[in-house]
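Working notes, beginning with the structure itself.
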Amino acid sequence: MVHFTVEEKAVITSLWGKVNVEEAGGEALGRLLVVYPWTQRFFDNFGNLSSASAIMGNPKVKAHGKKVLTSLGEAIKNMDDLKGTFAHLSELHCDRLHVDPENFKLLGNELVIVLAKYFGKDFTPQVQAAWQKMVAGVAIALAHKYH
Amino acid sequence: MVHFTAEEKSTILSLWGKVNVEEAGGEALGRLLVVYPWTQRFFDNFGNLSSASAIMGNPKVKAHGKKVLTSFGEAVKNMDNLKGAFAKLSELHCDKLHVDPENFKLLGNVMVIILATHFGKEFTPDVQAAWQKLVSGVATALAHKYH
């Protein structure tokens, strides 16, 4: 089980408070689809994903990105029990959505990059380290119920 | 062999022209050591790596980071032959330095994050995609001579 220090929790929560979940969610998911194009296969019914600008402007991508990041907000309130928090979503992603859990790490990476882009110098090495630990913990929690 | 389109090459070159190699190199290597602490094992003789600020301020880290990123500049000039460009460095990292090639991917990741912090909005999804392709090509090239 991943353990966060008091300092890491404060760093994560503090940055999270300044994140525009709707905007960042759409951007993280959009970048996932642009940078790792095979992930588009999970979003067949999203309409036009034919170019980077189509993807980034796609309203379904934005809406779903917001949903995904809102769910991450739950993780941040439950950093001591990520596996419990994501148990249902883990089952969903395995049993119904059939998503390769490797993709959770890719999305985690995208989120870190989006945060780096938004926060610039404020995204110090310590802040980055805490967030990379968070996204790795979430990826593990989402893969936990796979069978 | 990884193939870059004319557009990707010009995207990469254009951003590279604005990168302060000394500063970015030190930062990339420093963040690698902070975010993935096990990588410190390759730098035993670098002195004080006891905290994030010690690492980021360490003159040996900065110097070596600059060296690494200068070599990366060679990749940018030889995008059509990354394996050739990195053949000797690949042998060095395998035969003398004994570095697990997984670490090349980690450093590539950190580089993308630094570019995101420095360039903000300019680091668009297309720019990110081109750079992620480059860092992954470099990681593959560096692992190519491993045996």
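For residues that are surrounded by fewer than 19 Cβ atoms within 10 Å (Cβ to Cβ) and of a type in the set (A, V, I, L, M, F, W, C), tally how many sit in region A:17-31.
The qualifying residues number 1.
Report the residue count in region A:69-86 for those that are within 19 Å of A:LEU33 (Cβ to Cβ) and surrounded by 18 or more Cβ atoms within 10 Å (Cβ to Cβ).
2
Looking at region A:90-113, can you tell me whether even one residue there is touching a residue at least 24 places away in the same chain (Cβ under 8 Å), in contact with a Gly (Cβ under 6 Å, 6 or more places away or on another chain) and not acidic (Asp, Glu)?
No, the conditions are met nowhere in region A:90-113.
If you scan region B:96-147, which residues turn out to be of a type in the set (Ser, Thr, Tyr), in contact with a helix residue (DSSP H, G or I) (Cβ under 6 Å, 6 or more places away or on another chain) and assigned to a loop (DSSP other than H, G, I, E, B)?
B:TYR146
Consider A:GLY57 carefully, then state whether it is surrounded by fewer than 14 Cβ atoms within 10 Å (Cβ to Cβ), out of contact with any Gly (no Cβ under 7 Å at 6 or more places or on another chain) and under 25 Å from B:ASP126 (Cβ atoms).
Considered against the rule, which asks whether it is surrounded by fewer than 14 Cβ atoms within 10 Å (Cβ to Cβ), out of contact with any Gly (no Cβ under 7 Å at 6 or more places or on another chain) and under 25 Å from B:ASP126 (Cβ atoms), A:GLY57 comes out as yes.
Yes/no matrix, rows are residues, columns are (1) within 14 Å of another protein chain (Cβ to nearest Cβ); (2) at pLDDT below 95:
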{"residue": "B:LEU69", "(1), (2)": "no, yes"}
{"residue": "B:GLY84", "(1), (2)": "no, yes"}
{"residue": "B:VAL99", "(1), (2)": "no, yes"}
{"residue": "B:PHE104", "(1), (2)": "no, yes"}
{"residue": "B:ILE113", "(1), (2)": "yes, no"}
{"residue": "B:LYS121", "(1), (2)": "yes, yes"}
{"residue": "B:GLN128", "(1), (2)": "yes, no"}
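Do we have any residue at all in region A:40-47 that's more than 13 Å from chain B (Cβ to nearest Cβ) and in contact (Cβ under 8 Å) with a residue 24 or more places away in the chain?
Yes, region A:40-47 contains a residue that is more than 13 Å from chain B (Cβ to nearest Cβ) and in contact (Cβ under 8 Å) with a residue 24 or more places away in the chain.
Take A:LYS66 and decide whether it is in contact (Cβ under 8 Å) with a residue 24 or more places away in the chain and not hydroxyl-bearing (Ser, Thr, Tyr).
It is true that A:LYS66 is in contact (Cβ under 8 Å) with a residue 24 or more places away in the chain and not hydroxyl-bearing (Ser, Thr, Tyr).
The values are calculated or read from the model by the stated rules, or taken from the named source; none is laboratory data. This is a predicted model, so every value here is computed, not measured. We place every Cβ from the backbone using ideal geometry, glycine too, and count neighbours over all the protein chains shown.
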